[in-house]
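Okay, structure first, notes after.
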Amino acid sequence: MIGFLGAGRVGAQAALEVASAGIDDVTLVDIASGLAEGEAMDISQKIAETGVDVDVRGSTDFSSLRGSKIVVITAGLARKPGMTRMDLLEKNAGIVSAVAKEVAKHAPGCIALTVTNPMDVMNYVVLRKTGFPKGKVVGMGGILDLSRFKSTLCAMLDISHSSITSLVIGEHGESMLPLARFTSVGGVPLTTLMDETQIAQAMDATRRIAIDVISKKGATVDAPANGVVRMVKAIAWDRKEVIPASAYLEGEYGVNGLCIGVPLVLGGNGVERILSLDLSEKEKAQFSKGAQTIREGIAAIQGSL
Ligand code: NAI
């Protein structure tokens, strides 16, 4: 069973896709009365017609998470136009602390997949509050940033999405680090197809794109839900897929004691391996800037941890 803690826009969309793909049974939990149950009914009625046989339930009762192999945490407040992810810090730290304890109580053997923003700090809160081993707590952000980088590059190069292989690491926030040097266009290095100015434009657009979507439709939903589903599949099917995601670092990338986006191998055991990269001085500086923002975020809520 896959649990979804938070049945709002991203949680419900990801649950719909997980159930529709027949990955496993789904249970949704949300404090808003009737919401998780209503979403479960709606999803059940959709998959009934398409012939997928998984069980989808919803309630306000955290104990229904019992038996979940993965719990996707989207509970919390979302950004409004003009807000940064860090503006959500204090309120979401309280919500995520509370729900993480429920995850540890009812699904102690699960892998926790953090989505709530500011995601890297919330992933650290989940790690601390569940007391889970570091490999069992992972955050979704890098795969979404990567999908945005890909989308930007494909539009600029007028090339198929399927031709781009790339990486976006670092903070899931203003200091994210799209890695042009590690980007290939069908095997051809991106750096031979775009000059520095064009690459800087693509990186900048990738950082700004979410707030543009939020200002137009009120929230980002489809691309984040896709990121969640990619990660759920990698874990549920033990795919050992290399995905950029937020993990707890103990010395890797020169960082200690916080969660941040890195390329990692995601499989049935959660974070199975962190892959290292030989970053340039400029890339290291951007990665460190993101780590510092996360460190400051953790320090600001330290009293409640
Ligand atoms: P939403 O407002 O549609 O849904 C959030 C849900 O959480 C609501 O239904 C609310 O009732 C529920 N909730 C609040 N407190 C709860 C509690 N204590 N227990 C259980 N449920 C609770 O928000 P949306 O758009 O689904 O976004 C959810 C979170 O994910 C936000 O923090 C948002 O910023 C973040 N996000 C992160 C992304 C990422 O890449 N990591 C991408 C998109 C959104």
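See the values below:
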item: Set of lysines with alpha-carbon distance to Lys233 below 27 Å, sequence-local pairs under 8 removed; result: Lys46, Lys69, Lys101, Lys105, Lys129, Lys134, Lys136, Lys150
item: Burial ordering of Arg85, Arg295, Arg239, fewest other beta-carbon atoms within 10 Å first; result: Arg239, Arg295, Arg85
item: Most mobile listed residue (Asp25, Asp195, Asp238) in the chain, GNM with C-alpha springs under 10 Å; result: Asp195
item: Rel. contact order, % - alpha carbon contacts under 8 angstrom, at least six apart, the chain; result: 18
item: Cβ-Cβ FRET estimate between Lys289 and Lys216, R0 fixed at 41 Å, reported to 0.05; result: 0.90
item: Taking Cys154, Cys110 and counting other C-beta atoms within 10 Å, the order from fewest to most; result: Cys154, Cys110
item: Most fluctuating residue given options Leu277, Leu65, Leu264, as computed from a GNM of the chain linking Cα atoms under 10 Å; result: Leu277
item: Extension gain, Arg273 back to Asp195 (0.36 nm per residue minus Cα-Cα distance, nm); result: 24.7 nm
item: Anisotropy class of the range 156-247 from Cα gyration tensor, a/c 1.5 cut; result: oblate
item: Cβ-defined net charge surrounding Pro81, 11 Å radius [Lys, Arg +1; Asp, Glu -1]; result: +3
item: Selected from Ala100, Ala200, Ala236 as most flexible by GNM, with the chain as the system and alpha-carbon contacts under 10 Å; result: Ala200
item: Cα pair distances exceeding 24 angstrom across the chain, given as percent; result: 50
item: Centre separation in Å (Cα based) which lies between the range 188-217 and the range 104-171; result: 19
item: Ascending count of other beta-carbon atoms within 10 Å, so fewest first, for Ser63, Ser20; result: Ser63, Ser20
item: Cα pair distances in the range 1-128, grouped into 5 Å bins until the bin that holds the longest one, percent each; result: 2, 12, 23, 23, 19, 12, 6, 3, 0
item: Calculated [θ] (222 nm, deg cm²/dmol) that DSSP helices of n ≥ 4 give over the chain, each run adding -39,500 (n - 2.57); result: -14500 deg cm²/dmol
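A short reminder: the numbers here are calculations on the coordinates, not readings from a lab. The structure presented is a predicted model; accordingly, all values stated were derived computationally and were not measured. FYI the Cβ positions are ideal-geometry reconstructions off the backbone, even for glycines, and counts take in every protein chain you see.
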